[in-house]
1. Within region A:42-54, is even one residue part of a loop (DSSP other than H, G, I, E, B) and touching a strand residue (DSSP E or B) at 6+ places or on another chain (Cβ under 9 Å)?
2. Considering every residue within region A:146-156, establish whether at least one is under 20 Å from A:ASP316 (Cβ atoms), more than 14 Å from chain B (Cβ to nearest Cβ), small (Gly, Ala, Ser) and surrounded by 24 or more Cβ atoms within 10 Å (Cβ to Cβ).
3. How about region A:133-143: which of its residues are more than 12 Å from every other protein chain (Cβ to nearest Cβ) and at pLDDT 95 or above?
4. What number goes with the only condition from (1) touching a Lys or Arg at 6+ places or on another chain (Cβ under 9 Å); (2) touching a residue at least 60 places away in the same chain (Cβ under 8 Å) that A:VAL105 does not pass?
5. Go through region B:53-65 and count every residue that is within 25 Å of the chain's Cα centre (by Cα) and open to solvent by 10 Å² or more (accessible area, probe 1.4 Å).
6. Quick one: B:GLU199 ticks every box in (1) more than 12 Å from chain A (Cβ to nearest Cβ); (2) under 17 Å from the mean Cα position of the chain (by Cα); (3) of a type in the set (D, E, K, R) except a single one, so which number is it?
7. Return yes when B:LEU285 is surrounded by fewer than 23 Cβ atoms within 10 Å (Cβ to Cβ) and more than 14 Å from chain A (Cβ to nearest Cβ) and no when it is not.
8. Going residue by residue through region A:106-124, is there one that turns out to be among the acidic types (Asp, Glu), in a strand (DSSP E or B) and more than 9 Å from chain B (Cβ to nearest Cβ)?
Protein chains: 2
Amino acid sequence: MHDIVIGVDLGGTNIKAGAVSYDGRVLFRCRTTTEGHMGPAAVVDRIAQAIRDCLAGVEGGRERTAGVCVGSPGPLDLKNGVVLTAPNLPGWVNVPLRAMVEERVGLPCVVENDANAAALGEQWVGAGSGADSLVLLTLGTGIGGGIVLNGKIWHGFTGVAAEIGHMSINPDGPACNCGGRGCIEAYASATAMVRRMREAIAAGRHSSLASKGEKLTARDIYEACVAGDQAALENMHTTGFYLGVAIANILNVLNPEVVVLSGGVTAAGDLLLRPIQQTVREHALEAAREGVRICFSALGDDAGVIGAARSFMTWDIGR
Amino acid sequence: MHDIVIGVDLGGTNIKAGAVSYDGRVLFRCRTTTEGHMGPAAVVDRIAQAIRDCLAGVEGGRERTAGVCVGSPGPLDLKNGVVLTAPNLPGWVNVPLRAMVEERVGLPCVVENDANAAALGEQWVGAGSGADSLVLLTLGTGIGGGIVLNGKIWHGFTGVAAEIGHMSINPDGPACNCGGRGCIEAYASATAMVRRMREAIAAGRHSSLASKGEKLTARDIYEACVAGDQAALENMHTTGFYLGVAIANILNVLNPEVVVLSGGVTAAGDLLLRPIQQTVREHALEAAREGVRICFSALGDDAGVIGAARSFMTWDIGR
């Protein structure tokens, strides 16, 4: 009887894997470095080893395991389990990840977008547990997203749905890496926060962060907020405002039950959540925000692993 | 054997009804005035008469008819078939439309949002025929929307999804009726086009439309475009630009297969579609616009009736 799926979360720095039961518990977890500089074949060897560790980590692991899902950065060819490109993994172009994993571990494998997987994990047993629909925003160097509707990932026509970071909230706004302008990623990613902080300091704004120079990070901004730095607090408030505008748009268009925010900057807690909620009240239709939960990730580091496992359990694309 | 559904499109001015076959053909259609000033009971009497006319209009109509769906302005309580309010229908507050229609015609009835119904009609046998996912924008006094995913209307958590007109593309933009700012409705509805044209004329811009004064309509702007009026052409181009930004956002977030535009202003044809397509190329991710069709309604006046009938056929909310 299969009662386990191995979920893998492939990141630019770390590979996380876990043996996940069909009721969403992580029975065994392991973590290793990605060593992306060694190229795709070596990284997939490390993924395979992490999977084997998980199989060995639970009693009767191999017999109990239905399969594997790797949550991967993208874009992906979901149907064929191919990573088309992965910005943080050198040399990853058209890597047949599914086939490579299957060959190495002898278990059926699927490949899902990492943010989609995290969204599904949160909807299954995390911040959106019990909800039918959920939108996840991952706040990091960029802003990613995942959309779960009727308990399933919404992939879209060409498989690239939920690029929420590239929703423009000002066609005359700052240029974004994607070629567009005023994308929410260009306003509220960690990169954008740092850029805005540097600009404020360069414009003569007093801040304890002035000494950081080129080494300034979003984490520094959060810590300066906690220490009461006014410029940092304003930066965080502005970030929350822009996220609030984007979330209000998501509520008006999709009317999901839960919106989950994940990523390092959520450490800021209410300093970030309060301006988001205030902006949502001002910009979303009452009927579209009524009873909607806007909250932080409940699964934290496990979201990708649990969500990947759930992706395998609910998979319906071309296998 | 049931092989017909009666679809009704309830508008502020007209009631349209049709006997629709299970393969999407309108076997009989009728139209009457709404006479909204007479109040809800009288309007529902007129709806019931239109339904009876449809039943009589096809041979064996009553025996062949599975039920009725009324596409209604909203907001609605979909589960109970109640119209909560309808801005263009005086006195419509908590009107139990479903029960009133069922009582009058003795057939099962459901009530769907009018723009949702039109979206489903276009996806079924219209501009999006054969597509799995479609987003419709209705361009009129306001901007409404409908979202069809996996061949079904996406209603959202509280039933108000697809309020696409209230996607903000500039939190510092013009105030919108909804209380927000920079909503696409405040930039690209017929109302917004007329306001922008008046502002241009007031600012001294030369235009053949200057003589229209308070009577200026979006149709006048379209006609002035055809006649080569430069200010009108710029107005249309700007409208297309804003719609393009909104559609690019929809593609990046939802990645649908088809985007359909309907409403009077689509008479402008390529004058509107070209700036939309150009803006989408500049603002949407390539993978999210690849192979996506952006087009005008194929069903025109029939979309609401056909879509309402299809809503009954695919209904899965609380009955």
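The values are calculated or read from the model by the stated rules, or taken from the named source; none is laboratory data. Quick caveat: nothing in here was measured; it's all calculated off a predicted structure. Note that we place each Cβ from the backbone using ideal geometry, even for glycine, and neighbour counts take in every protein chain shown. What goes into the accessible areas is simple: the full protein's heavy atoms, side chains included, and nothing from ligands, DNA or RNA. Shrake-Rupley method; radii C 1.70, N 1.55, O 1.52, S 1.80 Å.
1. no
2. No, there is no match, as no residue in region A:146-156 is under 20 Å from A:ASP316 (Cβ atoms), more than 14 Å from chain B (Cβ to nearest Cβ), small (Gly, Ala, Ser) and surrounded by 24 or more Cβ atoms within 10 Å (Cβ to Cβ).
3. Of region A:133-143, the ones more than 12 Å from every other protein chain (Cβ to nearest Cβ) are A:136, A:138-142.
Within region A:133-143, A:LEU136, A:THR138, A:LEU139 meet the criteria.
4. That leaves (2) as the condition not met.
5. Kept after step one, since they are within 25 Å of the chain's Cα centre (by Cα), are these residues of region B:53-65: B:53-54.
Those left that are additionally open to solvent by 10 Å² or more (accessible area, probe 1.4 Å): B:53.
Adding up the residues that qualify gives 1.
6. All conditions are met except number (2).
7. Answer is no for this residue.
8. yes
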